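Each value in this text was obtained by applying a stated rule to the coordinates, not by laboratory testing. Source: prediction; values computed, not measured. Heads up, the Cβs are rebuilt from the backbone with ideal geometry, glycines too, and the neighbour counts pull from every protein chain shown.
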Amino acid sequence: MPGRCLVLLFAALALAALLPAGAGAAPGGASQATAQLPAVGSTPYDRQGMWIWYVSASDGGSAAQIIARAKRYGIGTVYVKAGDGSGTWSQFNTSLVQALHQGGLDVCAWQFVYGDKPLAEARVGAAAVAKGADCLVIDAESDYEGKYAAADRYVQALRGRIGPTFPVSLSGFPYVDYHPSFPYSVFLGPGGATYNQPQMYWKAIGASVRTVFEHTYLFNRLWGHPIYPIGQTYEAPSRADLIRFRRFAQSFGDQPPSWWDWQETSAAGWGAIGATTAGPIVGYRPALTQPILKRGSKGDLVVWAQEHLLGAGLALPVTGIFGKQTYNAVRAFQTAHGLWADGTIGTSTWQALLAIEPVRQPWSGAGTKTGGGAAASREIPPSRPLSASLPAKAYEIPPGPRP
């Protein structure tokens, strides 16, 4: 289930190092910038949403009552669990989807994935789409850390079944910097999900609503996909915080939030998510700086930068480790783009890099052949970057029961 399968290790770390260093100039162009926020579209993600874990525990499983409550409190999209690992959930079925559609709701399927049987997991996701889902959510968390080949197999198999344009999002850890071995660059890379729904459960994390937004968006903007925040209604957060979350969502790009989850939302919680807000936070402007990568940096963000450097025509291995070769490649890229050539990736360098199409890595070996002649029939064996062995720095959200 979104965000309830994690472990809190370092509470103090969750409150430290949330923002880039100041608003002034920094190496690699890490200055107060003019980065563009993603535009709001017209997808199911663009309606306020509510997540359903167990249909039977959500208004007694009555589609009519679910529709009535959704209309009363401004919910336009419901996210219904459709699978866990390689198993489908019978609660997500054509009859339910059709009934909710007739009630004016968009219906998104979500599946929890582990990476042990990625091809089977892809079949589960595709089956939910075939039952009429308007979008699909990949809920990938700690089980997928380090599993680059599995993630690659999953997204390739999924897209092969549902097509390249069907709306797919990733719902996972909000604090990218805490999870250097998680394959964000695969799930949100070329051919993967094109919407991002981080699990921003501020009360469970033990931080303010503002802190969670600032930390999450600082790193998640780098994937280049619209960010639709998931807030929490479990653990009885205050009405003020629920409304504050909605207002910060407006301040950070106006993508409406969704909420975890239906069965744990109190009457007061429903009232808060259905209340009229006063709009974005008055006088607040999100900082649009980007995080800094330099020699010694490690993790999936380095993988992402290296894939973009490859896309720019520079030769270097994709290791997830920012060493001498990456440093030299960054300097060459900066020189070619009229940037300060210090070998550090900051805001200005990120902006130039993100304008380049990244080169997708064949971590699974599937669909990629070696050499020519007789060797052309051999697939590259599965692999992963060196950073895939790194442990998580912390887990933001305490553990909960897994569905």
By counting other Cβ atoms within 10 Å of each Cβ, how are Trp270, Trp363, Trp340 ranked from fewest to most? Trp340, Trp270, Trp363
Which entries in the list Lys203/Lys324; Lys117/Lys324; Lys81/Lys117; Lys71/Lys131; Lys81/Lys147; Lys203/Lys393 go over 30 Å, if you measure between the two C-alpha atoms of each? Lys203/Lys324; Lys117/Lys324
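Assuming 0.36 nm per residue, please report the length gained on full extension of the stretch Arg331 to Ala278 beyond their Cα-Cα distance. Don't skip to the end; give the middle numbers.
Details: separation 53, 0.36 × 53 = 19.08 nm, distance 4.62 nm.
Using 0.36 nm per residue and subtracting the Cα-Cα distance, I get 14.5 nm.
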Among 341-349, 53-61, what's the highest-first ranking by average C-beta atoms within 10 angstrom per residue? 341-349, 53-61
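By average Cβ neighbour count within 10 Å, what is the ranking of 155-162, 257-264 from highest down?
Details: 155-162: 20.2, 257-264: 22.6.
Sorting 155-162, 257-264 by mean packing, highest first, produces 257-264, 155-162.
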Sorted by Cβ density within 10 Å, fewest first, the residues Arg72, Arg247: Arg72, Arg247
For Ser62 and Asp342, what is the calculated FRET efficiency with R₀ set at 51 Å and r taken between the beta-carbons, to the nearest 0.05? 0.25
Kindly state, to the nearest 0.05, the FRET efficiency for His101 paired with Ala240, given R0 = 41 Å and r defined as their beta-carbon distance. 0.75
Let a ≥ b ≥ c be the square roots of the eigenvalues of the Cα gyration tensor of the stretch 44-112; is it rounded (a/c under 1.5), or, if not, prolate (a/b larger than b/c) or oblate? prolate
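Just to confirm a number: summing +1 for Lys and Arg and -1 for Asp and Glu over residues other than Thr165 whose beta-carbon lies under 14 angstrom from that of Thr165, what do you get?
Net of charged neighbours comes to +1.
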In whole Hz and in residue order, list the ³J(HN,Hα) couplings for the stretch 98-105 that follow from phi through the Karplus curve 6.51 cos²θ - 1.76 cosθ + 1.60, θ = phi - 60°; x for Gly and Pro. 5, 5, 5, 4, 5, x, x, 9
Applying the gyration tensor rule to the Cα atoms of the stretch 145-187 (axes a ≥ b ≥ c; rounded if a/c under 1.5, else prolate if a/b exceeds b/c, else oblate), the class is oblate
